[in-house]
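Please read the structure below before turning to the comments.
Rule-based calculations on the coordinates, nothing more; no lab input. The shown structure was predicted, so the numbers you read here are calculated from the model rather than taken from an experiment. Don't worry about glycine lacking a Cβ; one is built from the backbone with ideal geometry, like all the others, and counts go over all protein chains shown.
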Amino acid sequence: MEIQHNQLKRCDVINIKGRIDSATAPKFAEVANDIVEAGRFRIVFDMDGVDFISSAGLRVLIGTQKICKRYNRGEVVLANVPATIMASLELAGFTPLFKIFNDAVAAVGNF
Amino acid sequence: MMPSPQLAIFKGEFVWMQTVIFPGRYDSLAKIAELVQKASQEFGLDPLAAYGVETAVDEACSNIIEHAYGGEGKGEIEFNYRIEGESLIIKLQDTGKGFNPRKVPKPKINVPLKQRQENGLGLYFMHQWMDEINYETTGKTNVLTLIKRKG
């Protein structure tokens with residue numbers, strides 16, 4: 001898994017390539033934690049390069065969303081979600097909990 | 001290089017079968033996923049169904065490492081798959097602590113964010129993505145069988 005983090009003016013963008021499973025989810029959690037600990041709560045998760053996400057990765061998503069949405073200070077939004085992963089998000093009941101955008105530009109524009 | 005599947009006789013029929021033993025570590029998950037993708041392809045699953053099987057096996061193996069063995073590097077996972085007519089049958093064996101799948105609570109899916117639990121999706125995914133799941137403990141070995149049917 002490769003993870004990239006870009007801090008923009010209005011939000012932070014996380015870009016991951018590869019698999020998010022129990023082996024790699026801790027790295028994802030670390031990057032997300034660093035962002036919220038810096039007091040930044042508006043996050044775009046660009047999933048364009050994600051091949052696979054297990055419940056370990058979904059735990060990071062939901063945990064980060066809870067922190068960001070507290071006090072209405074921000075939120076995590078998703079962009080470029082592959083069809084297979086979208087099916088997984090639907091099964092997990094995640095689709096009502098995240099705004100989902102077709103591309104990263106639209107997701108960044110949300111903030 | 002992964003070993004190739006072997007033609008074997010199972011219940012009087014010729015079937016393609018392969019067994020590989022992986023160390024019970026999280027970095028085995030990507031290698032197991034490769035093997036699952038190959039099995040799904042041989043079986044002829046569409047990409048969505050194949051993704052589902054990959055998820056079910058990943059969750060099962062993560063559970064073995066985390067719950068049965070109580071951490072990484074404590075034991076092995078024996079992975080076996082066979083294609084039997086219209087069924088892809090994946091068998092995972094470990095020698096860790098057994099569990100009763102009926103005692104695992106179902107996650108609450110349709111609840112607001114604040115009430116949403118962060119755990120419990122693994123077994124739920126296995127049930128959702130596979131057609132049949134069997135779990136049994138024989139002696140010191142736990143055997144989880146995941147079955148995907150065509151169509």
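Is the shape of the stretch A:57-111 rounded, prolate or oblate, going by the alpha carbon gyration tensor and its root eigenvalues a ≥ b ≥ c, with a/c under 1.5 for rounded and a/b larger than b/c for prolate? Note, shape of the stretch A:57-111 comes out oblate.
Karplus-derived 3J(HN,Hα) values for the stretch B:75-80, using 6.51 cos²θ - 1.76 cosθ + 1.60 with θ = phi - 60°, are x, 10, 10, 9, 9, 9 Hz; glycine and proline are entered as x. Between the exposed loop cleavage positions of chain A, defined as trypsin sites (Lys or Arg not before Pro) in a non-H, G, I, E, B DSSP state with at most 12 neighbouring beta-carbon atoms within 10 angstrom, the longest gap is A:11-111.
Positive contributions from Lys and Arg (+1) and negative ones from Asp and Glu (-1), summed over other residues with Cβ under 13 Å from the Cβ of A:I35, come out at -2. The mean sequence distance of close C-alpha pairs (under 8 Å, at least 6 residues apart), as a share of the length of chain A, puts its relative contact order at 26 percent. Placing dummy labels 7 Å off each Cα toward the beta-carbon, the span from A:E37 to A:A83 is 4.0 nm.
From Cα pairs below 8 angstrom and at least 6 apart in sequence, can you work out the relative contact order of the stretch B:14-149, rounded to a whole percent?
Relative contact order for the stretch B:14-149 comes out at 27 percent.
Summing +1 for each Lys or Arg and -1 for each Asp or Glu among the other residues whose beta-carbon sits under 11 angstrom from that of B:K114 gives +4.
Selection among A:A32, A:N72, A:G109 by position relative to the dipole of the protein assembly as shown gives A:N72 as farthest towards the positive end (Cβ unit charges, Cα centre). Each Lys and Arg contributes +1 and each Asp and Glu -1, all at the Cβ; summed about the Cα centre of the protein assembly as shown, the dipole is approximately 1040 debye. Classify chain A: rounded, prolate or oblate, from the alpha-carbon gyration tensor (a ≥ b ≥ c, eigenvalue square roots; a/c under 1.5 rounded; otherwise prolate if a/b is larger than b/c)? Rounded is the answer for chain A, as its axis ratio a/c remains below 1.5.
Our helix-only sum for chain A, with -39,500 (n - 2.57) per DSSP H run of n ≥ 4 divided by its residues, gives a mean residue ellipticity at 222 nm of -11500 deg cm²/dmol.
First obtain the Kirkwood hydrodynamic radius of chain B from its Cα pairs, then insert it into the Stokes-Einstein equation at 37 °C and 0.692 mPa s, and state the resulting D in µm² per second as a whole number. Translational D for this selection: 204 µm²/s. FRET efficiency for the pair B:S4 and A:N72, taken as 1/(1 + (r/R0)^6) with r the Cβ-Cβ distance and R0 = 41 Å, rounds to 0.15.
So if I take the centroid of the Cα atoms in the stretch B:98-133 and the same for the stretch A:49-108, what is the distance between those two points in Å? The stretch B:98-133 and the stretch A:49-108 have Cα centres separated by 19 Å. Each DSSP beta bridge with both residues in the protein assembly as shown is either parallel or antiparallel, and the antiparallel ones are about 70%.
Return the average number of partner chain Cβ atoms within 10 angstrom of each residue Cβ along peptide B:112-118.
The per-residue average across the peptide is 5.
Which GluC sites (Glu not before Pro) from the stretch B:68-151 combine a DSSP loop assignment with at most 16 other Cβ atoms within 10 Å?
Within the stretch B:68-151, the qualifying GluC sites (Glu not before Pro) (loop, at most 16 other Cβ atoms within 10 Å) are B:E72, B:E86, B:E118.
Bridges between two residues of chain A, per DSSP, are antiparallel at a rate of about 25%.
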